[in-house]
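Take a look at the structure set out below.
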Amino acid sequence: MEEGSKPGSRRNIRFLKANYIKEFSFLGQADDPLDVKKCYIDLHSLQAREDLALRQAEAEAERIGVGVTAEAQSIFDALSKTLPVHWDKTVIVVMNEVRVSSPYLPECVSGGTPAANERVKKVLEFERKRLQARGASQ
């Protein structure tokens, strides 16, 4: 599918999987949109987009725990909505100081200032209640 097909305009080419197409209409024959003489590819822009996509993919991969349960990942995701978190193997590290170990209960919270420790415990308790309520309703 070609977008912006006025002569001299910037063009976007989009590739579609054929099994997603339900119907199409032939509108007529046009110039080859991939004519090398008329085509300009901004390699710097493409490289920047690729670099950004790779950085985003790496950041998302770091947020996925390895060797943890789905429940642990849900708790991590919930904590990450309000607090800075990262994984240290199977331990959730919150605010670079508070650690939450398996089985990720409030009594498994250690480290950090008393205020930070209490905050993490409260968020953890709330998230566990929410997970239990969601599990009971399914």
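The values are calculated or read from the model by the stated rules, or taken from the named source; none is laboratory data. Being a predicted model, the structure only gives us computed values, none of them experimental. Cβ placement follows ideal geometry from the backbone for every residue including glycine, while neighbour counts extend to all protein chains displayed.
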TODO: Could you run through the stretch 26-62 and say how many residues are of a type in the set (Ser, Thr, Tyr) and modelled with pLDDT of 80 or more?
DONE: 1
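So, of the residues in the stretch 63-92 that are aliphatic (A, V, I, L, M) and over 20 Å from GLY112 (Cβ atoms), which turns out to be modelled with the lowest pLDDT? First the steps, then the outcome.
Looking only at the stretch 63-92, we keep the residues that are aliphatic (A, V, I, L, M), and these are 64, 66, 68, 70, 72, 75, 78-79, 83, 85, 91-92.
Within this subset, residues satisfying the condition of being over 20 Å from GLY112 (Cβ atoms) are 64, 66, 68, 70.
Details: ILE64: 85, VAL66: 79, VAL68: 86, ALA70: 85.
So the residue we want is VAL66.
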Open item on the list: I'm trying to understand the selection: among the residues of the stretch 83-115, which are under 16 Å from the mean Cα position of the chain (by Cα) and either surrounded by 13 or more Cβ atoms within 10 Å (Cβ to Cβ) or not assigned by TED's automatic domain parsing to the domain that holds LEU131 (or both)?
Closed with: VAL85, HIS86, TRP87
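Of all residues in the stretch 116-138, which are among the β-branched types (Val, Ile, Thr) and exposed (fewer than 11 other Cβ atoms within 10 Å of the Cβ)?
Of the stretch 116-138, the ones among the β-branched types (Val, Ile, Thr) are 120, 123.
Listed by number, the list is empty, since nothing qualifies.
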